[in-house]
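Report on the following structure.
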Amino acid sequence: MGDLNVSFGDCLPYLEQRFLEIIGKDLASREASAWFNSLLKTALVQATNVYCVGMHYPLPFETIYQPTRLLVDGSAGTSRGESFYHEDEVSRSIVQGKKLEARSVGVDDFLANRSDAIIYAGPGWGKTTFLHHIFRRHASSTSVLPILITLRRPSAVEDLERLVETASKIQSKQHKSRMLLLVDGYDELSLKDRRRVSEALLRYQALGLGNFFLSCREYYQVLQLAVREVRIDGFTRDDKYRFVRAFLSAYESPLDAKEVVDDLEGRGFAVECTPKVRHGIEGPATLNGGELCWCPDNSILVN
């Protein structure tokens, strides 16, 4: 994959140019180009910073992000007619068992498989941050056009449907770039809108213009899509050291990250350093400019 020598913040003109190369100038009306420009600008803004619970202000993405690892199920039953709905205790136990059987891979290995995927994880485990990393990684690519759609936005479902409708009018697939569609937050939609998103992604699959990654919270039903399922893996001890070190450094804290993590875990707390947490927080304690957040299960989130 070739890359342009430009910073992430300066990628907008190049992303627009790749869009025109794929859909063709005949389809790119002034209004369509303005719409896609707005879509790209929103994605660039979203993927520029990371805001963790306990932060006084957002931090630049590259200063805090730690490489994501994913749990990949190597069994033959990975793809299904539609994603399995884990609605009871037995079903959830099956999911937990599959996690134990899965192998952990890095981002490079994950991307080497150019097939569609559903990214599962619990709340706050970094699904959104992972997709932002993928978007940033491909923003300067000369062969891949990343398109990020965050479903919690009011117009997101309509934007996805419009994108697929525009792509369906492409007459020739003999272009240099392929699309990489990143769709975040399937679980945040109503059942009616989930069906619309699934239908749009099925149509996108049929076009053969590229692949998609869809994020969804664990135990939610993903309708109709027969694609591979992967799950975000937890941090290793070294990951925890690096994340806490980056966090402390950003706030100019004199504390030593290794000592902080080792001390907390030595006292029986589970330190989970997650890029974003929105649920399960009871109360914060100050950590020299950052915060330690106690959760109901007595773990501590270093945010």
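The values are calculated or read from the model by the stated rules, or taken from the named source; none is laboratory data. Values in this document were obtained by computation on a predicted structure and should not be read as measured data. Here Cβ is always computed from backbone atoms with ideal geometry, including for glycine, and neighbour counts include all displayed protein chains.
Brief remarks follow.
- Listed by first and then second residue, the pairs linking a residue in the stretch 98-113 that is of a type in the set (A, V, I, L, M, F, W, C) to a residue that is modelled with pLDDT under 95 and exposed (fewer than 13 other Cβ atoms within 10 Å of the Cβ), with Cβ atoms under 8 Å apart and 6 or more places separating them unless they lie on different chains, are ALA102/GLY74; VAL107/PRO67.
- Among (1) part of a loop (DSSP other than H, G, I, E, B); (2) under 26 Å from GLN46 (Cα atoms); (3) touching a residue at least 40 places away in the same chain (Cβ under 8 Å), the one test that LYS169 misses: (2)
- Pair list, Cβ under 8 Å, 6 or more apart: the stretch 219-232 residue in a strand (DSSP E or B), other residue among the hydroxyl-bearing types (Ser, Thr, Tyr) and crowded, with 20+ Cβ neighbours inside 10 Å: GLU229/SER83; GLU229/TYR120; VAL230/TYR120; ARG231/TYR120; ILE232/THR68; ILE232/TYR120
- In the stretch 21-52, the residues that are modelled with pLDDT under 80 and crowded, with 19+ Cβ neighbours inside 10 Å: ILE22, ILE23, CYS52
- Extreme residue, nearest to PHE61 (Cα to Cα), among residues of the stretch 250-261 that are part of a helix (DSSP H, G or I) and in contact (Cβ under 8 Å) with a residue 12 or more places away in the chain: ALA250
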